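Here the structure comes first, spelled out in structure tokens, and everything after it is commentary.
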Amino acid sequence: MDHRKYTLILAFLVAVTAGKAQDVKSFDQADSTSNALLQLADWQQLIAFGERSINSGFDFPALRQRLGNAYMVKENYSAALSEFAVVFKNDSYNQTARYYAYLCHKYLNQEPGASYNAAYVDTALLKSGQITPYGLINAGLETGLKFAADPYRGNASYTRVSLSNRLSWRWQLEQSLVYFNQAINNNNVQVPGAPLVTGTADQQLEYYIKLNYSLTENLILIGAYHYLNTNYESVTYSNNIGIAGIKYTGTCFNLQADVNLGNMIGHHLTQYNAGLMLYPAGNLDFYTISRGSYLEQNGSGSGIFGQSVGYKVVKNTWAETSATFGNLDNYIDADGLYIYNAIDATKLKLGETIFYQLSKNAQLQLNYTYEQKQDDNHNLNYNQNSITAGLLWKF
């Protein structure tokens, strides 16, 4: 033990001395010093020395892998993935680098990229073989109430159950079942403050399915379908929405473009979306999501803009603040998962969501949403407040 201790101390002194030098003079220096810094877990010095080595012309896969390890420990997962990408150009089957790349994508909530890398890794490294090409990814439940400040509208309830799994290392499947219910009074005279005179109910059963296919580690094709069975005023409507898109995950940003087509209770819809997510620190401690949409219905169109800002509050707790501006009548959101086809159109939507990592597998979330809505039947503008709670179990 004493011999090992003195060896590490000597290596530390050599590494620090070399690491502070302005130039790297040889391959041997780049290799030995970066390895010593790795063994000493001096991540910041390793990153600085590695960058100087590359700038001095000494660039090799082992150095890039060491830099990837350092960036990963420093929780800059995007930078780590950039280093591992260089490793893969020389050795696409590098087991250790692929496993770390798998973890980095998981920490960035990029399941397609994670699965893509997992295909190269011995399953014994992936949680003792529990992760397979056909395994479960997550299961979720969310339920909530919507409180309408309109005497002609009852409180609404919303419940969704979801399941996500892999069909192979490149194919991921997501499915959801949804139930929505709200009492509506469109005909009777309603006295404000009095119990709702029920005219009818807006009831809706929904099924949602989404497929992701990873063309590469960073390029994903998206296809989704949303079916809504709406029962309103004793009439049942079958509504269908299809979604096709493409997503690219770059260094500290994601880009997505998609088109949504379908019909919704007599309205033919076409919606075009473009979104940009930025996470400048290479992790999800701070991020922004901007989304612009153009929605066409029965010959007329309107623009819609959504902005979200997410940030880490304390350990295991994150918050996301969001706002959506525009006429959200039949607006399609989140790759077709959420469709705003309520009886009254939303004109403004503000939200706050808290995410809490309860355990390694369990994530709790609580959402509050404020909406400004328009009741055309009674020439009335009103506010609606919603509370939704959810549980996501990650396998």
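For the reader, a short list of remarks on this structure follows.
- Charged-residue dipole, Cβ positions (Lys, Arg, Asp, Glu), the chain about Cα centre, Debye nearest 20: 1040 debye
- Alpha carbon centroid spacing (whole Å) that separates the stretch 288-343 from the stretch 61-138: 31 Å
- Residue-averaged 222 nm ellipticity for the chain, from DSSP H runs of 4+ at -39500 (n - 2.57), nearest 500: -7500 deg cm²/dmol
- For the listed residue pairs Lys210/Lys360; Lys146/Lys315; Lys25/Lys89; Lys89/Lys210; Lys89/Lys360; Lys74/Lys315, the alpha carbons are over 27 angstrom apart in Lys146/Lys315; Lys89/Lys210; Lys89/Lys360.
- Extreme residue, positive dipole direction of the chain, given options Trp318, Leu348, Thr33 (C-beta unit charges): Thr33
- Rounded to two decimals, the Cα radius of gyration of the chain over 2.2 N^0.38 Å is 1.22.
- Loop-located trypsin sites (Lys or Arg not before Pro) in the stretch 281-330 whose Cβ has at most 15 other Cβ within 10 Å (DSSP): Lys315
- For the residue pairs Lys349/Lys373; Lys247/Lys312; Lys106/Lys349, the alpha carbons lie more than 19 Å apart in Lys247/Lys312; Lys106/Lys349.
- Hull shadow area, averaged, the stretch 307-357 [alpha-carbon convex hull, nm²]: 4.1 nm²
- Low-density loop positions, chymotrypsin sites (Phe, Trp or Tyr not before Pro), the stretch 54-110 - DSSP coil, at most 11 other Cβ in 10 Å: Tyr93
- Extreme residue, positive dipole direction of the stretch 136-394, given options Gly301, Phe286, Val235 (C-beta unit charges): Phe286
- Span per principal axis, largest first, for the Cα atoms of the stretch 231-319 (Å): 50, 27, 20
Laboratory data are not the source of any read-out in this text; all were calculated from the coordinates shown. Everything numeric here is computed off the predicted structure, so don't read it as measured data. Counting neighbours? That spans all protein chains shown, and the Cβs are built from the backbone with ideal geometry, glycine included.
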